[in-house]
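Reviewing the structure listed below.
The values are calculated or read from the model by the stated rules, or taken from the named source; none is laboratory data. This is a predicted model, so every value here is computed, not measured. Note: ideal-geometry Cβ built from the backbone for every residue, glycine included; neighbour counts use all protein chains shown. Accessible surface is based on the protein model in full, side chains and every heavy atom, while ligands, DNA and RNA are left aside. Shrake-Rupley method; radii C 1.70, N 1.55, O 1.52, S 1.80 Å.
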Amino acid sequence: MAIAKSERLMNLALCLLGTRRPLSKRELRGSIEAYLEASGDDAFNRMFERDKDDLRELGLVIETVENLEGETGYLARRDSNRLPPITLDAEEAAALGLAAKVWQQARLAGAASGALQKLRAAGMPEAGDSYDIQPSALEPRIPVHEAAFEPLMLACRDRRPVVFDYRKGNAARPETRQVEPWTLECWRGHWYLAGWDRDRGAERVFRLSRITGKVRSRAGAFTAPVPDVVTVRETVESWAGETATRSARIRLRAGCGYPLRARAQAVTEGGDGWDELEIPYGHGLDAWLVEFGPDVVVLEPADLRADVVERLRAVAKG
């Protein structure tokens, strides 16, 4: 379905860009195969109006012209839709090069590499011309190991509802979730999906590594409005203790736990190889502290200490 719509939009854009005179709906319907297959005039009109709006939203300037007979025609003049020359300085070129490397493990790797090659052929400076980047230098990477990433990325793009089995962190078995996907967000090395959970009638955030089985697409339109700015990062951070109303005291082994030190409100250096830190405490902090293993000891509050101990025991039991 998504491929058919993409082809239909491409064919409509080519027709509007390739004509020297306005084309009527009748002429466009006779030129595009997907429109010929439409079941009736009403279905064609709805499809054409949606496609026209989608192309305009993508930036194509479509003019509406009425001829002497009163018939409405459409065209997209090339001079109105010609992009200005792309000029990039060395710093901008370097940023694009680093951005392309981020997607080396994802489906966008081929598209990113091809885009860079075209820009360099057009005269974009090489990042190495101004930056001495050694082969051993650190490079930004966003790991994409989850099989659910690509189908969810396409579903977000095409605004298609999905169904998948999801296992919550404290659940023994997965549950089937029906979701209208909004956007994907990478945070602390993990991918999250924000969307509308139809069964619960509310916004939800899902960690991709907890999706089991295949992501199945469903036909039909979204039932809930898509926010202009989906604050999935803020939502995930609030779950993981970034948004906190109180503090916790922990002991941290010297030379370890730099992410914790970066968020600490106060640090007291100890002489026994351990430092004492005061850090923001919110929901999900226990799961984060467990990641540091024996390098962290929770002093207070008692409920946080109990949660961390319980998680460590669960890990030890396997």
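Could you give the length gained by full extension between ALA266 and ALA224, i.e. 0.36 nm per residue of separation minus their alpha carbon distance, to one decimal place? Mind showing how you got there, number by number?
On the way: separation 42, 0.36 × 42 = 15.12 nm, distance 4.35 nm.
The ALA266-ALA224 span can extend by a further 10.8 nm.
Per-residue counts of other Cβ atoms within 10 Å, averaged by peptide: what ranking do you get for 216-222, 194-200, 229-235, highest first?
For the peptides 216-222, 194-200, 229-235, the packing ranking is 194-200, 229-235, 216-222.
Please list VAL226, VAL205 in order of solvent-accessible area, largest first, computed with a 1.4 Å probe with all protein chains present. All intermediate terms of the calculation are to be shown ahead of the outcome.
Values: VAL226 50, VAL205 10 Å².
Putting VAL226, VAL205 in descending order of accessible area: VAL226, VAL205.
Once phi is turned into θ = phi - 60°, what whole-Hz ³J(HN,Hα) does the Karplus curve with 6.51, -1.76 and 1.60 give for every residue of the stretch 56-61, x standing for Gly and Pro?
These are the phi-based 3J(HN,Hα) values: 5, 5, 6, x, 6, 8 Hz.
Scan around ARG77 for amide H atoms under 5 Å from its own, H built in the peptide plane at 1.01 Å from N, and keep only partners 5 or more places away or cross-chain.
For ARG77, the qualifying residues are GLU63.
Residue separation times 0.36 nm, minus the C-alpha to C-alpha distance between VAL163 and LEU14: what's the value? Write out the running numbers ahead of the final one.
Details: separation 149, 0.36 × 149 = 53.64 nm, distance 3.48 nm.
Fully extending the segment from VAL163 to LEU14 adds 50.2 nm.
Go ahead and collect, in residue order, the members of the stretch 9-24 whose backbone nitrogen is under 19 Å from a label point 7 Å along the Cα-Cβ direction of VAL65.
It comes to 12-24, nothing else.
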